[in-house]
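Trainee: Okay, here's the structure, questions in a sec.
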Amino acid sequence: MAERLPLLLRSHYQMLFWVPLLLALLGSGFMRLQVENRIDAWVDPSGPAYQRYQKMVQRFGEDRFLLIAFPTTGLTPEHLRGYLDLVAALRQEPAVHAVFDPVGTDLLAGVDPRRPGTEDPLRRGLRSPDGKTTGLLLLFHDGQVEAERRILDNLQEGCRNLGLECRFAGPVFLGNYLGEAIGRDLSRVVTALVLVSMLLMLLFLRSWQASVAVLAASGLGLWYTLIWAGLLGYSLNLPMLVVFPLLFCVAVTLAIHLFSGHGGRERELPEVLPRLLRPALIAMLTTLLGSLTLLLAPQRALYQAGAVLPVGIGVTFALVLLFMPAAYRLLRGGWTLPPLVARPPASGPLSRQLVGLGLLLATAASLFALPRLQTDPDALNFFPEDSPVTRGYDYIEHRLCGLFVIDAVITAREGRLTDPENGARIGRFLQRLARLPRLTTVLPGAGWRQLSDIVDGPGRQLRDAFLSDDGRSLRLTLHFREVGGDGYLAVERSVREAWQAGETGALELETSGLLPLILASQDRLLRTQGRAFPLVVLGMSLVLFLLVRTPGSLLLACAANLIPLALTAGAMALLRIPLNSINLFVAAIMLGVIVDDTVYLLWAGREQGSLDAALRRVGPALWMTSVTIAVAFTTLFLSDLTPVRQFGLLSVLAVASAWLCDVYLLPGFLHLLEVRHEPVA
């Protein structure tokens, strides 16, 4: 195949240019550019916890809620009628399952809705103890994403019209804001990536034809990736943001090695391809192997990225081999490669020793700092402190109620819950719950018995949301304050202990809820990736063994590629960047990326007979690819989302340290073993 490639390019370059463009145009109809904003996309759909959640949803409806908090003083007589009309309109929305409105309830009972509340979580409802803040709770049916967005927009406009300073929280608000943030990030990252990439290509290659051809191939690779995602029925989600710079890395790495493969002599592009095809294929496979770890993730959002990214890598690789040379030929009018002008920093024996020693000392310090590395499964920390999400959550938690929600479902095996004995047991359980330290609110609280008396009217929605039709199941929604991502297990355990502390008779308790399920999924993700990363390292080791052929050399080559990851992990510990569901994949994915330069270097070492000669040949290409890839990942700094910015920072650290290891440390390592290769013809 390698020998036929030059003939294929020279004979059919016009077909290789136009056919991919036409296929991309035809496939555009399958693209789905909608942004996935459902929080439950981060849920593990396997296991007993999800089955309990689905059982609760089938009985009482979805756990997708929207909580609106506002100052009670804003409910002036002239605004009260408008507020009640707004709530009445919400009750008529088909997407809304239930509305919990303490203002309307108070008015029906002849009570002033601006009265002070109580500290008792069983009677507090959605009113602060000082009476200064009131809440409105909406429960939504499933599959109403567009309706949720419309209702949220109408609510925000209605609050402005009433002069109410409203704050929003809950999965519905979180998901809609996340979708908006992803949309903004896509436009920023792609625009910055194109501009920065074009400037770097022009700087390094000094050929606008080569620069345009490389960017066209990478853009077309991304286009095909989006088509593939559309064919699978996937929308754009948060992990997809990382796909853009990764595909660009695949295209740029191969393209720069192709354009710098003339060794300073005037050569034509088709002549260079056969010599670089094998190392390029090996490098592509290592990148693909690193991206496959996403397929092992239990969450739908990450799994979908894992199903899309490997295909995108393979397609982009093929386009750089075939489409990019054809585009270059059409733009330039010939195959002659542009002169190479990039000059990497010098790497003499003394500098190698000093930099190598510095890398080893930094690695030791990083390993020493690793015990300080923490995990953070809380999706709320995806957003910066000044974002509407964080400000809204802080406001509601401090003034109204806690926002960590656990659903406790009580079921009677015999009789009804309202039977005297069962009712007394539930009452005693509620009293034990009220003593839990961080519990702020229990809905429907002490008045749960009254739900059974509701036959029709607005209250019927609340009855259906909390009490089953047969009267044998009750849903208690427990709101806890200041529960971090790693504290949900303790809170859930305290609820079960409160249940077990009393006599339960024929009653059973199950705890569930969307937020605990998401946090449990994040924990499982950490364990899954902890098992997957050694498999990636094993795969990389097998690839490198094909190049070095000796166990000692393999060990040192693996060390040179694992050191950047150790340095990156140490930086996370020192900078207090916790592991989350996004930056967790830096290790596996970036290992697949940074091994590429090692592959090209070791392959050149086999051809030249020594790594010193190999560095003189491919050193400029290693420098250009490392700088370009690092700068490409800096475009993620423009994101509104904290883990995406962290992914960009950690990727830059990994790429920079990998270049230092390849150029300064790996040659020194292999010289210790006096590894030399016979030149390959």
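Trainee: Among the residues of the stretch 60-88, which ones are more than 20 Å from residue 170 (Cα to Cα), open to solvent by 30 Å² or more (accessible area, probe 1.4 Å) and aliphatic (A, V, I, L, M)?
Mentor: 80, 84, 88 - these are the residues of the stretch 60-88 that are more than 20 Å from residue 170 (Cα to Cα), open to solvent by 30 Å² or more (accessible area, probe 1.4 Å) and aliphatic (A, V, I, L, M).
Trainee: Within the stretch 438-445, is there a residue that is modelled with pLDDT of 85 or more and part of a helix (DSSP H, G or I)?
Mentor: The answer is no; no qualifying residue exists.
Trainee: Which is buried (at least 24 other Cβ atoms within 10 Å of the Cβ) and either under 14 Å from residue 588 (Cα atoms) or at pLDDT 85 or above (or both), of 285, 294, 281? Explain how you work it out, then say what you get.
Mentor: Working: 285 fails: buried (at least 24 other Cβ atoms within 10 Å of the Cβ); 281 fails: buried (at least 24 other Cβ atoms within 10 Å of the Cβ).
Within the list 285, 294, 281, the selection yields 294.
Trainee: Taking the stretch 33-56, which residues are open to solvent by less than 90 Å² (accessible area, probe 1.4 Å) and either over 29 Å from the mean Cα position of the chain (by Cα) or basic (Lys, Arg) (or both)?
Mentor: If the condition is that a residue be open to solvent by less than 90 Å² (accessible area, probe 1.4 Å) and either over 29 Å from the mean Cα position of the chain (by Cα) or basic (Lys, Arg) (or both), then 38, 52 are the ones that fit.
Trainee: Hey, any hits in the stretch 106-122 for a residue that's open to solvent by 10 Å² or more (accessible area, probe 1.4 Å), modelled with pLDDT of 85 or more and touching a helix residue (DSSP H, G or I) at 6+ places or on another chain (Cβ under 8 Å)?
Mentor: Among the residues of the stretch 106-122, not one is open to solvent by 10 Å² or more (accessible area, probe 1.4 Å), modelled with pLDDT of 85 or more and touching a helix residue (DSSP H, G or I) at 6+ places or on another chain (Cβ under 8 Å), which makes the answer no.
Trainee: For the stretch 335-357, which residues satisfy the criterion of being at pLDDT 85 or above and within 18 Å of residue 256 (Cα to Cα)?
Mentor: Those that are at pLDDT 85 or above and within 18 Å of residue 256 (Cα to Cα): 335, 336.
Trainee: Return yes when residue 16 is buried (at least 20 other Cβ atoms within 10 Å of the Cβ), in contact (Cβ under 8 Å) with a residue 40 or more places away in the chain and part of a helix (DSSP H, G or I) and no when it is not.
Mentor: Values: buried (at least 20 other Cβ atoms within 10 Å of the Cβ): yes; in contact (Cβ under 8 Å) with a residue 40 or more places away in the chain: yes; part of a helix (DSSP H, G or I): yes.
Yes.
Trainee: Let me ask something else about it. Can you name the residue in the stretch 123-136 that is open to solvent by 10 Å² or more (accessible area, probe 1.4 Å) and touching a residue at least 24 places away in the same chain (Cβ under 8 Å) and is also farthest from residue 70 (Cα to Cα) among such residues? First the steps, then the outcome.
Mentor: Taking the stretch 123-136 first, the residues open to solvent by 10 Å² or more (accessible area, probe 1.4 Å) are 123-125, 127, 129-130, 132.
Within this subset, residues satisfying the condition of being touching a residue at least 24 places away in the same chain (Cβ under 8 Å) are 123-125, 127, 132.
On the way: 123: 19, 124: 16, 125: 14, 127: 10, 132: 9 Å.
Residue satisfying both the conditions and the ranking: 123.
Trainee: Next question. Just give me the residues in the stretch 474-487 being within 18 Å of residue 49 (Cα to Cα) and either in contact with a strand residue (DSSP E or B) (Cβ under 7 Å, 6 or more places away or on another chain) or open to solvent by 20 Å² or more (accessible area, probe 1.4 Å) (or both), in sequence order. Step through it out loud before you land on a result.
Mentor: Taking the stretch 474-487 as the starting set, the residues that turn out to be within 18 Å of residue 49 (Cα to Cα) are 475-478, 485-487.
Listed by number, the residues that qualify are 475, 476, 477, 478, 486.
Trainee: Hey, among the residues in the stretch 380-418 that are surrounded by fewer than 21 Cβ atoms within 10 Å (Cβ to Cβ) and of a type in the set (Asp, Glu), which one's farthest from the chain's Cα centre (by Cα)?
Mentor: Of everything passing the filter in the stretch 380-418, 414 is farthest from the chain's Cα centre (by Cα).
Trainee: What single numbered condition from (1) open to solvent by 10 Å² or more (accessible area, probe 1.4 Å); (2) under 20 Å from residue 531 (Cα atoms); (3) assigned to a helix (DSSP H, G or I); (4) touching a residue at least 12 places away in the same chain (Cβ under 8 Å) fails to hold for residue 311?
Mentor: (2)
Trainee: From (1) touching a Leu at 6+ places or on another chain (Cβ under 9 Å); (2) outside any helix (DSSP H, G or I); (3) not hydroxyl-bearing (Ser, Thr, Tyr), pick out the condition that doesn't hold for residue 221.
Mentor: (2)
Trainee: Scan the stretch 591-606 and tell me whether some residue there is open to solvent by 10 Å² or more (accessible area, probe 1.4 Å) and among the small types (Gly, Ala, Ser).
Mentor: No, there is no match, as no residue in the stretch 591-606 is open to solvent by 10 Å² or more (accessible area, probe 1.4 Å) and among the small types (Gly, Ala, Ser).
Trainee: Is it fair to say residue 568 is farther than 25 Å from residue 282 by Cβ, of a type in the set (S, T, N, Q) and at pLDDT 75 or above?
Mentor: Working: farther than 25 Å from residue 282 by Cβ: no; of a type in the set (S, T, N, Q): yes; at pLDDT 75 or above: yes.
Against the criterion (farther than 25 Å from residue 282 by Cβ, of a type in the set (S, T, N, Q) and at pLDDT 75 or above), residue 568 does not qualify.
Trainee: Return yes or no: is residue 617 touching a helix residue (DSSP H, G or I) at 6+ places or on another chain (Cβ under 7 Å) and either closer than 20 Å to residue 578 by Cα or free of Cβ contacts under 8 Å to residues at least 40 places away in the same chain (or both)?
Mentor: Values: touching a helix residue (DSSP H, G or I) at 6+ places or on another chain (Cβ under 7 Å): yes; either closer than 20 Å to residue 578 by Cα or free of Cβ contacts under 8 Å to residues at least 40 places away in the same chain (or both): no.
When the stated conditions are applied, residue 617 does not pass them.
Trainee: Something else about it: Name the pairs whose Cβ atoms lie under 7 Å apart, with the first residue in the stretch 82-97 and farther than 29 Å from residue 59 by Cβ, the second open to solvent by less than 30 Å² (accessible area, probe 1.4 Å) and in a helix (DSSP H, G or I), and 6 or more positions between them or separate chains?
Mentor: 82/162; 83/103; 83/162; 84/104; 86/158
Trainee: Take the stretch 183-195 and flag every residue that is surrounded by fewer than 22 Cβ atoms within 10 Å (Cβ to Cβ) and touching a residue at least 12 places away in the same chain (Cβ under 8 Å). Write out each step before concluding.
Mentor: As a first pass, look at the stretch 183-195 and keep what is surrounded by fewer than 22 Cβ atoms within 10 Å (Cβ to Cβ): 183-184, 186-188, 190-192, 194-195.
Hits for the stretch 183-195 are 183, 184, 186, 188, 190, 192, 194.
Trainee: Is the stretch 247-262 home to any residue that is of a type outside the set (S, T, N, Q) and open to solvent by 40 Å² or more (accessible area, probe 1.4 Å)?
Mentor: Looking for residues that are of a type outside the set (S, T, N, Q) and open to solvent by 40 Å² or more (accessible area, probe 1.4 Å), one finds none in the stretch 247-262, hence no.
Trainee: Now for a separate question. On the given criteria, is residue 514 open to solvent by less than 10 Å² (accessible area, probe 1.4 Å), within 23 Å of residue 382 (Cα to Cα) and modelled with pLDDT under 85? Even if it seems obvious, please write down each step before you answer.
Mentor: Details: open to solvent by less than 10 Å² (accessible area, probe 1.4 Å): yes; within 23 Å of residue 382 (Cα to Cα): yes; modelled with pLDDT under 85: yes.
So residue 514 fits the description; yes.
Trainee: Does residue 264 meet the test of being modelled with pLDDT under 85, small (Gly, Ala, Ser) and not in a helix (DSSP H, G or I)?
Mentor: yes
Residue-by-condition table, conditions (1) in a helix (DSSP H, G or I); (2) free of Cβ contacts under 8 Å to residues at least 24 places away in the same chain:
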| position | (1), (2) |
| --- | --- |
| 21 | yes, no |
| 26 | yes, yes |
| 29 | yes, yes |
| 41 | yes, no |
| 45 | no, no |
| 52 | yes, no |
| 66 | no, no |
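Trainee: What tally of residues in the stretch 224-235 results from selecting those that are outside any helix (DSSP H, G or I) and buried (at least 23 other Cβ atoms within 10 Å of the Cβ)?
Mentor: So in the stretch 224-235, the residues outside any helix (DSSP H, G or I) come out as 232-235.
Cutting the leftovers down to buried (at least 23 other Cβ atoms within 10 Å of the Cβ) gives us none.
The qualifying residues number 0.
Trainee: Of the residues 649, 641, 622, 636, only one is closer than 20 Å to residue 256 by Cβ, touching a Phe, Trp or Tyr at 6+ places or on another chain (Cβ under 8 Å) and either surrounded by fewer than 23 Cβ atoms within 10 Å (Cβ to Cβ) or at pLDDT below 90 (or both); which? Write out each step before concluding.
Mentor: Values: 649 fails: closer than 20 Å to residue 256 by Cβ; 641 fails: closer than 20 Å to residue 256 by Cβ; 636 fails: closer than 20 Å to residue 256 by Cβ.
Unique residue meeting the criteria: 622.
Trainee: Name the residues in the stretch 140-151 that are closer than 18 Å to residue 40 by Cα and either open to solvent by less than 10 Å² (accessible area, probe 1.4 Å) or without any contact (Cβ under 8 Å) to a residue 40 or more places away in the chain (or both), would you? Let's see the steps before the verdict.
Mentor: Step one: list which residues in the stretch 140-151 are closer than 18 Å to residue 40 by Cα, which gives 140-149.
140, 143, 146, 148, 149, listed by residue number.
Trainee: Where residues in the stretch 3-13 are open to solvent by 80 Å² or more (accessible area, probe 1.4 Å) and in a helix (DSSP H, G or I), which of them is modelled with the lowest pLDDT?
Mentor: First, the residues of the stretch 3-13 that are open to solvent by 80 Å² or more (accessible area, probe 1.4 Å): 3-4, 7, 10, 12.
Filter again for in a helix (DSSP H, G or I), leaving 7, 10, 12.
Working: 7: 85, 10: 88, 12: 89.
Filtering the stretch 3-13 for residues that are open to solvent by 80 Å² or more (accessible area, probe 1.4 Å) and in a helix (DSSP H, G or I), the one modelled with the lowest pLDDT comes out as 7.
Trainee: Can you tell me which condition residue 421 does not meet? The list is (1) surrounded by fewer than 16 Cβ atoms within 10 Å (Cβ to Cβ); (2) over 22 Å from residue 42 (Cβ atoms); (3) touching a Pro at 6+ places or on another chain (Cβ under 7 Å), and all the others hold.
Mentor: Among (1) surrounded by fewer than 16 Cβ atoms within 10 Å (Cβ to Cβ); (2) over 22 Å from residue 42 (Cβ atoms); (3) touching a Pro at 6+ places or on another chain (Cβ under 7 Å), the lone unmet condition for residue 421 is (3).
Trainee: Without any contact (Cβ under 8 Å) to a residue 60 or more places away in the chain and part of a helix (DSSP H, G or I): which single residue out of 418, 390 fits that description?
Mentor: Numbers: 418 fails: part of a helix (DSSP H, G or I).
Result: 390 is the single residue among 418, 390 that is without any contact (Cβ under 8 Å) to a residue 60 or more places away in the chain and part of a helix (DSSP H, G or I).
The values are calculated or read from the model by the stated rules, or taken from the named source; none is laboratory data. Treat the numbers as computed from the prediction; the structure is a model and nothing was measured. Counting neighbours? That spans all protein chains shown, and the Cβs are built from the backbone with ideal geometry, glycine included. When the accessible area is computed, the model is the full protein with side chains, heavy atoms only, and any ligands, DNA or RNA have been set aside. Shrake-Rupley method; radii C 1.70, N 1.55, O 1.52, S 1.80 Å.
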